[in-house]
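Here's the structure, in structure tokens; my notes come after.
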Amino acid sequence: MPVPLLVLDPELRIRQANDAFCSTFGYTPDSIQSRKLLDLGQGAWSILTTAASVSTRALADGARIDDLPLTHRFPGSAPRHCG
């Protein structure tokens, strides 16, 4: 089963999205090319900002992170789980 995958630049702009990402989240490659990830889905991807904040704080405190499971409901879809 193909895994949804994005290639992002340092500003979190989408440089490339695979077919699995587009079909899973209902996009076409042209509709998201060069857009900022956090601008997609009415802000639904802001969950990544939260995850980054949690992991950064944990690592700063010397914690080890083996897995950071996330569950999130994107607009128009069932809850998605990763991790």
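Being in contact with a helix residue (DSSP H, G or I) (Cβ under 7 Å, 6 or more places away or on another chain) and surrounded by 11 or more Cβ atoms within 10 Å (Cβ to Cβ) is the requirement here; does S46 meet it?
Details: in contact with a helix residue (DSSP H, G or I) (Cβ under 7 Å, 6 or more places away or on another chain): yes; surrounded by 11 or more Cβ atoms within 10 Å (Cβ to Cβ): yes.
In short, yes.
Being outside any helix (DSSP H, G or I), modelled with pLDDT of 85 or more and not aromatic (F, W, Y) is the requirement here; does R15 meet it?
Considered against the rule, which asks whether it is outside any helix (DSSP H, G or I), modelled with pLDDT of 85 or more and not aromatic (F, W, Y), R15 comes out as yes.
What is the number of the single condition among (1) part of a loop (DSSP other than H, G, I, E, B); (2) of a type outside the set (F, W, Y); (3) at pLDDT 80 or above that P10 does not meet?
Failed condition: (3).
State yes or no: is L59 more than 15 Å from the chain's Cα centre (by Cα), farther than 18 Å from S77 by Cα and at pLDDT below 85?
yes
Residues of region 36-68 being in a loop (DSSP other than H, G, I, E, B) and under 19 Å from L6 (Cβ atoms), which ones?
Hit for region 36-68 is L68, nothing else.
With the structure loaded, tell me whether L5 is surrounded by 12 or more Cβ atoms within 10 Å (Cβ to Cβ) and out of contact with any Pro (no Cβ under 8 Å at 6 or more places or on another chain) or whether it fails that test.
Criteria not met by L5.
The values are calculated or read from the model by the stated rules, or taken from the named source; none is laboratory data. Only a predicted model underlies this, so the values are computations on that prediction, with no experimental measurement involved. For neighbour counting, all protein chains shown are included, and Cβ atoms are generated from backbone atoms with ideal geometry for every residue, glycine included.
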